[in-house]
Amino acid sequence: MKPRFMNNRMFLWFVEFRHAMVWLRTFYLRKVFGMKLDPSVRISFKAHVDKTNPKGVVIKKDTVVAFNATILAHDWATERYGAQSRIVTEIGARCFVGCGSIIMPDVKIGDEVVVAAGAVVTHDVPSHSLVAGNPARIVRSGIRTRSYGRLIETDGIVAA
């Protein structure tokens, strides 16, 4: 049986390797597709980021996009897609986009926003909000987050 520290060291190596792969994917999306992603952004490998209008995707620093989330930056029904499109889907700094959520095209999400799992965001979301539902509605305002959308306690109560 291997000593316990070997298993921990392997686990830590795997975590660091995965972080490097996530960074590499973000780098690829920025350099090859031209998306405006801050280098600190983390996008799950199972997340779907619109490549039809990649220059219309803007995600600011310390934001995480969970698995099966979809970020759209084109609208096929109104023929607003491709390079001629002026659609910009923007997600602010220190946000969390939950698993299975959908961010519709031409939506602006402010800083320090938490999008709950399965939410469908169809309208702009002000900063310091928690949104949930289909269509997404503001569940709580005045929240504060740290990097990657982790909630900060205020007055001894978690802001969610």
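Out of all the residues in region 53-66, is one or more in contact with a Leu (Cβ under 6 Å, 6 or more places away or on another chain), of a type in the set (V, I, T), surrounded by 14 or more Cβ atoms within 10 Å (Cβ to Cβ) and modelled with pLDDT of 90 or more? Yes, some residue in region 53-66 is in contact with a Leu (Cβ under 6 Å, 6 or more places away or on another chain), of a type in the set (V, I, T), surrounded by 14 or more Cβ atoms within 10 Å (Cβ to Cβ) and modelled with pLDDT of 90 or more. For region 119-160, the candidate set comprises residues that are small (G, A, S) and within 13 Å of the chain's Cα centre (by Cα); within that set, the residue that is modelled with the lowest pLDDT is G149. Scanning region 125-134 for residues that are assigned to a loop (DSSP other than H, G, I, E, B) and closer than 16 Å to T70 by Cα turns up G133, N134.
Scanning region 5-44 for residues that are in a helix (DSSP H, G or I), under 18 Å from K55 (Cβ atoms) and of a type in the set (A, V, I, L, M, F, W, C) gives F27, L29. For region 97-124, a tally of residues being part of a strand (DSSP E or B) and over 16 Å from L72 (Cα atoms) returns 1.
When I59, I87 are screened for being among the β-branched types (V, I, T), in contact with a His (Cβ under 8 Å, 6 or more places away or on another chain) and in contact (Cβ under 8 Å) with a residue 24 or more places away in the chain, only I87 passes. Condition first: out of contact with any Gly (no Cβ under 6 Å at 6 or more places or on another chain) and under 15 Å from T70 (Cβ atoms). Now tell me which residues in region 90-100 satisfy that. Answer for region 90-100, where residues must be out of contact with any Gly (no Cβ under 6 Å at 6 or more places or on another chain) and under 15 Å from T70 (Cβ atoms): I91, V97, G98, C99. With respect to D62, is the statement that it is out of contact with any helix residue (DSSP H, G or I) (no Cβ under 7 Å at 6 or more places or on another chain) and under 17 Å from C95 (Cβ atoms) true? The answer is no for D62.
The values are calculated or read from the model by the stated rules, or taken from the named source; none is laboratory data. Please read all numbers here as calculations on a predicted model, not as lab measurements. Cβ coordinates were reconstructed from backbone atoms using ideal geometry, including for glycine residues, and neighbour counts include every protein chain displayed.
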